[in-house]
Amino acid sequence: MTVILKPIITEKMTLMGEKLHRYGFRVDIKANKLQIADAIKDLYGVEVTSVNTMVFSGKNKSRFTKSGVLSGRTNTYKKAIITLAKGETIDFYSNI
């Protein structure tokens, strides 16, 4: 099972990473906090202090087109905020 799907790289998460040593990740919806912490340790080799998770439910969306109204639903996803130990950092841009 792939626990970590992708990192969240936004302005807000970049500032949190610089000031508070917190990083955001999209994770598998069935993963728990222990599995997420172990995956971060294995992937980046850093010490994880805490893991906060939140589940975002999908929303109903509709749009008007020439052929009529199209209705659908966005996906449900889980987000994890990882707090690292003092002095630890994750560099997302080193592999580019």
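Scanning segment 20-36 for residues that are closer than 18 Å to Phe92 by Cβ and modelled with pLDDT of 95 or more gives Arg22, Tyr23, Gly24, Phe25, Arg26, Val27, Ile36.
Checking Tyr23 against (1) of a type outside the set (Lys, Arg); (2) part of a loop (DSSP other than H, G, I, E, B); (3) in contact with a helix residue (DSSP H, G or I) (Cβ under 8 Å, 6 or more places away or on another chain), which test does it fail? All conditions are met except number (2).
The one condition from (1) surrounded by fewer than 12 Cβ atoms within 10 Å (Cβ to Cβ); (2) outside any loop (DSSP other than H, G, I, E, B); (3) at pLDDT below 95; (4) of a type outside the set (Asp, Glu) that Met54 does not meet is (3). Selection of segment 35-53 for residues being within 20 Å of Lys86 (Cα to Cα) and without any contact (Cβ under 8 Å) to a residue 40 or more places away in the chain yields Asp38, Ala39, Lys41, Asp42, Leu43, Gly45, Val48, Thr49, Ser50, Val51, Asn52.
Scanning segment 59-95 for residues that are out of contact with any helix residue (DSSP H, G or I) (no Cβ under 7 Å at 6 or more places or on another chain), surrounded by 10 or more Cβ atoms within 10 Å (Cβ to Cβ), part of a strand (DSSP E or B) and aliphatic (A, V, I, L, M) gives Leu70, Ile81, Leu84.
The values are calculated or read from the model by the stated rules, or taken from the named source; none is laboratory data. All of these numbers come straight from a predicted model, not from anything done at the bench. As a convention, Cβ positions derive from the backbone with ideal geometry for all residues, glycine included, and neighbour counts pool all protein chains shown.
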